[in-house]
1. Can ALA46 be described as modelled with pLDDT of 95 or more, touching a strand residue (DSSP E or B) at 6+ places or on another chain (Cβ under 6 Å) and of a type in the set (A, V, I, L, M, F, W, C)?
2. Can you pull out the residues in region 67-92 that are loosely packed, with under 15 Cβ neighbours inside 10 Å and more than 21 Å from PHE122 (Cβ to Cβ)?
3. From (1) closer than 17 Å to ALA173 by Cα; (2) of a type in the set (Lys, Arg); (3) in contact with a strand residue (DSSP E or B) (Cβ under 6 Å, 6 or more places away or on another chain), pick out the condition that doesn't hold for LYS154.
4. Tally up the residues in region 160-173 that are modelled with pLDDT of 95 or more and over 19 Å from GLU27 (Cα atoms), please.
5. Which number in (1) without any contact (Cβ under 8 Å) to a residue 40 or more places away in the chain; (2) within 17 Å of PHE181 (Cα to Cα); (3) outside any loop (DSSP other than H, G, I, E, B) marks the one condition that THR50 misses?
6. With the requirement that a residue be of a type in the set (Ser, Thr, Tyr) and surrounded by 14 or more Cβ atoms within 10 Å (Cβ to Cβ), what does region 151-188 give you?
7. Say whether the condition of being of a type in the set (Val, Ile, Thr), open to solvent by 20 Å² or more (accessible area, probe 1.4 Å), out of contact with any Cys (no Cβ under 7 Å at 6 or more places or on another chain) and farther than 19 Å from ALA177 by Cβ is met by at least one residue in region 131-149.
8. State all residues of region 70-100 that are over 25 Å from PRO166 (Cβ atoms) and not in a helix (DSSP H, G or I); if no residue qualifies, say none.
Amino acid sequence: MIPNKLVEVSNRLTNLNERPLAFTDLETSGDIFCEHEILEIGLVVADQGTLEIIDTLSIKIKPEHIENAFPAALERNGFKAENWLHAVSLNKGLQKYAEKTKGAIFVAYNVAFDWGFMSEGFRKTGVKNILDYHRLDVLTLAWQRGLKDNPSWKMEAACKMFGVSPESGAHGALSGAMTCFKLYKKLVS
């Protein structure tokens, strides 16, 4: 009964240390949040105390200006128009995301990148951002624990350094969010 668990957790929003964590990964059409678009949102919502997974979301977003995309970004994200036939609008995707993350703390690997796109998406669509205002960066946690001495700061490098299995299968937003969640668990244990 994941939805009931989510309601139970989101009702305890008075204490910052009890707020759920919203591990978020995005696939985008490039790296400039005011120019490029979110193509996919992956989300793993976890209880902050137990690190039990409460809910997940994987949703493809229909691009409005795919002509502005960086070809390398599309290749890395595995974007093929035929796989996005049932994609939803950014507005609908962010509404679904917001339903699952009320009061949660936004967590990502390189939080500035993902939050830049999410913040711009909320602004552009008018969907109300009901996340907690705090942000947690898993890259910073890894950097503090020794990643700073590694020649690469990519999540794959951090996973290798800290003994976390890298993304399995094709790269995607949900697998990225799940890998971020697993890395976070390893770093805080």
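1. Yes; evaluated as a whole, the condition is true for this residue.
2. GLU67, PRO71, ALA72, GLU75, ARG76, GLY78, LYS80, ALA81, GLU82, ASN83, LEU85, HIS86
3. That leaves (3) as the condition not met.
4. 5
5. Going through the list (1) without any contact (Cβ under 8 Å) to a residue 40 or more places away in the chain; (2) within 17 Å of PHE181 (Cα to Cα); (3) outside any loop (DSSP other than H, G, I, E, B), THR50 breaks only (3).
6. Of everything in region 151-188, those that are of a type in the set (Ser, Thr, Tyr) and surrounded by 14 or more Cβ atoms within 10 Å (Cβ to Cβ) turn out to be SER175, THR179, TYR184.
7. For region 131-149, residues of a type in the set (Val, Ile, Thr), open to solvent by 20 Å² or more (accessible area, probe 1.4 Å), out of contact with any Cys (no Cβ under 7 Å at 6 or more places or on another chain) and farther than 19 Å from ALA177 by Cβ: absent.
8. LEU85, HIS86, ALA87, VAL88, SER89
The values are calculated or read from the model by the stated rules, or taken from the named source; none is laboratory data. Keep in mind the model is a prediction, meaning the values are calculated, not measured. Note that each Cβ is placed from the backbone with ideal geometry, even for glycine, and that neighbours are counted across all protein chains shown. Please note that ligands, DNA and RNA were not included when accessible areas were found on the heavy atoms of the full protein model with its side chains. Shrake-Rupley method; radii C 1.70, N 1.55, O 1.52, S 1.80 Å.
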